[in-house]
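Only the coordinates and a few stated rules stand behind these numbers; no lab work does. Every value quoted in this text rests on a predicted model; they were computed, and no experiment measured them. Cβ placement follows ideal geometry from the backbone for every residue including glycine, while neighbour counts extend to all protein chains displayed.
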Amino acid sequence: MHYRNLASLALAILVAVSSTGIASAKANKNNGEGQRNGQLTERLNLAILIQDDLISQVSNEIGVTRDFIRSLPQGSRVMVGYITAGSLQVRQPFTTDLESAAKSLRIPTASRASSPFNPYVEVIEALRKFDSEWNNANAVLLISDGLDVSRGFDSTAAGQTLDLGRAIKEANKRRVAIFSFYAPSVGLTSRSPLAASYGQSSLNRLGHETGGKAFFQGTNGFVTFDSYFARLKETLNRQFAKVS
């Protein structure tokens, strides 16, 4: 009788271990399939910031940006803001209603009247809206030309400006990774490859030093966001996917 009880206990343990292994394998399989299908697998707290004076072609990318918001896993929080004339215009405070966040996007003004001296002061303002009590991974998607001319157009300051440094410090303090899509503005970066390279240098440093990444391709013309979003999703999955 004693041996029968031991045998029954061993069989129960074996079944439990096997079931756990199968469940874990299924979870890993589903996670892998989600990544292969280009879907995000983890919830985010994400602030999307758009510089308002970007060239008019950026308006054609609002649809794909809405689709990206809608594709986020349920439970994600999204804020939408515009960097315009030296201020942050919050169109949608952080919300888990992804459809409302997607609908809050508008076409950038593409006007010099909306030009900020640099985007980084408003990035700092947006970073302060993240709640330290939230559990999801924190990220910013900055759509900008990255150029800071608040203290003049100086080659020695490219990628090394005061406000850029402050934005990096604030992001690291709040554990927010900053990702960016480069797009030229109606100002200097649409006319000067040198200005475009300065802006990209700043965005590159911003991503590198906060655990994010800058996406751009060349200093002339404009590339649609489709490839950027595909690469962004791959990067986010690789960086934030939980190990089961």
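Residue-wise HN-Hα couplings along the stretch 175-181, as the Karplus relation 6.51 cos²θ - 1.76 cosθ + 1.60 with θ = phi - 60° gives them from phi, are 6, 10, 7, 10, 10, 9, 10 Hz; Gly and Pro carry x.
Peptides 59-68, 134-143, 41-50 ranked from most to least packed by the mean count of surrounding Cβ atoms within 10 Å: 41-50, 134-143, 59-68.
Taken along the Cα-to-beta-carbon direction at a fixed 7 Å, the label points for R128 and A85 span 2.1 nm. Here is the list for the stretch 91-186: trypsin sites (Lys or Arg not before Pro) lying in DSSP coil, each with at most 15 other C-beta atoms within 10 angstrom of its C-beta, are R106, R128, K129, R151, R175.
Here's how it looks for G159: its modeled amide H is under 5 Å from those of S202, which are all 5 or more places away or on a different chain. Note on E99/S150: beta-carbon distance plugged into 1/(1 + (r/R0)^6) with R0 of 35 Å gives a FRET efficiency of 0.45. Per the Kirkwood formula applied to alpha carbons, the stretch 98-244 shows a radius of gyration over Rh ratio, Rg over Rh, of 0.96. Any idea how far the Cα center of the stretch 189-244 sits from the one of the stretch 124-159, in Å? Centre-to-centre distance over Cα atoms comes out at 13 Å. Using a simple spin-label model with pseudo-atoms 7 Å out from Cα toward Cβ, S71 and A113 lie 3.6 nm apart. Amide H contacts of S76: L44, each under 5 Å away and 5 or more positions distant or on a separate chain (H built 1.01 Å from N in the peptide plane; Pro and chain starts excluded).
Computed from backbone phi with θ = phi - 60° and the Karplus coefficients 6.51, -1.76 and 1.60, the 3J(HN,Hα) list for the stretch 79-96 is 10, 10, x, 10, 8, 9, 6, x, 9, 9, 9, 8, 7, 9, x, 3, 8, 8 Hz; x is used for glycine and proline.
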